Amino acid sequence: MSEYISDLANAEQAKSQTENPGLTKVDDLWFATDIIVIRAENKIFRVLSSILAAKSSVFPRYTEKIDVSCSICPIFARNNILHSYFMPSPAPVHMKDLLAVLRLSHKYDVPYLHRRALHHLITEGWYRETYRLDESETKHVTYIDVGSPIDALSVALAAAEVNARWLLPYAYYRAGTYPVQKLSGAPLMEGETRDCAVKALVAHTYLACGVLRMNSHLTEQSPPTCVDSSKCDGCRKINLCALWGYLSVGGFTHPLRQLDVISRNMEKNGMCSYCLEDAKTKQHEAATKFWDDLPGILGLPSWDELHAMNRAAMGEDEVLSVNV
């Protein structure tokens, strides 16, 4: 109570100062003294409701008739008040916290937090404009992640909820890299993830076909320009066998990663420069078509429309400079 009285006294003192004609009140930074206590599970927060209202156009409706039992997600409340809790990329963040901020910043209309969450997903590779993977995504090729597709499906679910449809193609691509048995069993086929899991199965089938189409050049014979057809044909056979083993063991399908693996192996196995260039050209053409057709396979708008949605959502790149 003494703290509350002190706050009121300070407010009255500040009010009297504004009556001095030599001072100018800055309205955007002049908050009312409407102190509220918010309870979220077993945590309570003592804040000015006017600050919450300044952060979000939705909060005023919640603070008109507020009581101590009002429940607001603590992650979101901490992000609104403590900027250091959810720092911009490349600061590390747990996926569950990231998606919570994404959803709640959309629900409570806090644009800078929403863009910051989206920017985290972009820098983590969940949105891309071409089929080409970053080097960090292709250097670990001996084993494929055998974990759960839940992260990819969680991103897809959250992206759909906040109308960030431009995140969906690669989210479903990532989910589709997992074996059918991981996508078709419980708990993914139950509850809110069911529709996303079904679409991931569609993606899985498309990815499996993509692996074969992008590497169909391995079934061809050496062109007339080949320096050593016997050696180059042998190289194709080696990589074709490796590709078949990749598809038949474990049921994983990651055509974009496998594209780079095959390219490096052909060069390492001594394929001549003519055959290597011809193979890479055919790979590029097949991968470009695969990527261009991906949104349509998933029932999404074209890439041009999705890229336009991305630009509209992100606006000017303020994510790293606003409210940090």
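The values are calculated or read from the model by the stated rules, or taken from the named source; none is laboratory data. As the structure is a computational prediction, the values presented were derived from the model and not from experiment. Cβ placement follows ideal geometry from the backbone for every residue including glycine, while neighbour counts extend to all protein chains displayed.
Please go through region 184-242 and pick out each residue that is among the basic types (Lys, Arg) and either closer than 20 Å to Arg165 by Cα or over 38 Å from the mean Cα position of the chain (by Cα) (or both).
Of region 184-242, the ones among the basic types (Lys, Arg) are 194, 199, 213, 231, 236-237.
Hits for region 184-242 are Arg194, Lys199, Lys231.
Checking Asp278 against (1) touching a helix residue (DSSP H, G or I) at 6+ places or on another chain (Cβ under 8 Å); (2) acidic (Asp, Glu); (3) over 22 Å from Leu133 (Cα atoms): exactly one of these is not met. Which one? Checking Asp278 against (1) touching a helix residue (DSSP H, G or I) at 6+ places or on another chain (Cβ under 8 Å); (2) acidic (Asp, Glu); (3) over 22 Å from Leu133 (Cα atoms), the one that fails is (3).
Looking at this structure, is Phe252 among the aromatic types (Phe, Trp, Tyr), at pLDDT 95 or above, assigned by TED's automatic domain parsing to the domain that holds Pro169 and in contact with a helix residue (DSSP H, G or I) (Cβ under 9 Å, 6 or more places away or on another chain)?
Numbers: among the aromatic types (Phe, Trp, Tyr): yes; at pLDDT 95 or above: no; assigned by TED's automatic domain parsing to the domain that holds Pro169: yes; in contact with a helix residue (DSSP H, G or I) (Cβ under 9 Å, 6 or more places away or on another chain): yes.
Spelling it out, it is not the case that Phe252 is among the aromatic types (Phe, Trp, Tyr), at pLDDT 95 or above, assigned by TED's automatic domain parsing to the domain that holds Pro169 and in contact with a helix residue (DSSP H, G or I) (Cβ under 9 Å, 6 or more places away or on another chain).
Whenever a residue of region 234-245 is more than 11 Å from Thr219 (Cβ to Cβ), its partners that are among the small types (Gly, Ala, Ser), lying with C-beta atoms within less than 7 angstrom and at least six residues away or across chains, give the pairs Cys235/Gly270. If you go through region 180-230 and keep only what is of a type outside the set (Ser, Thr, Tyr), surrounded by fewer than 20 Cβ atoms within 10 Å (Cβ to Cβ) and outside any helix (DSSP H, G or I), you end up with Gly185, Ala186, Pro187, Met189, Glu190, Glu220, Gln221, Pro223, Pro224, Cys226, Val227, Asp228. Checking region 170-179 against the condition returns a match, with at least one residue being in the same structural domain as Thr288 (by TED's automatic domain parsing), in a loop (DSSP other than H, G, I, E, B), of a type outside the set (Ser, Thr, Tyr) and touching a helix residue (DSSP H, G or I) at 6+ places or on another chain (Cβ under 9 Å).
Sort through Ser273, Ser230, Ser263, Ser302 and tell me the only one that's of a type in the set (Gly, Ala, Ser), outside the structural domain of Val110 (by TED's automatic domain parsing), modelled with pLDDT under 90 and at negative phi. Every option except Ser263 fails the conditions. Somewhere in region 306-318, is a residue surrounded by 14 or more Cβ atoms within 10 Å (Cβ to Cβ), farther than 21 Å from Leu121 by Cβ and either of a type in the set (Gly, Ala, Ser) or modelled with pLDDT of 90 or more (or both)? No, that holds for no residue. Is there a residue being surrounded by 18 or more Cβ atoms within 10 Å (Cβ to Cβ), part of a loop (DSSP other than H, G, I, E, B) and not acidic (Asp, Glu) anywhere in region 275-285? No, because not a single residue in region 275-285 is surrounded by 18 or more Cβ atoms within 10 Å (Cβ to Cβ), part of a loop (DSSP other than H, G, I, E, B) and not acidic (Asp, Glu).
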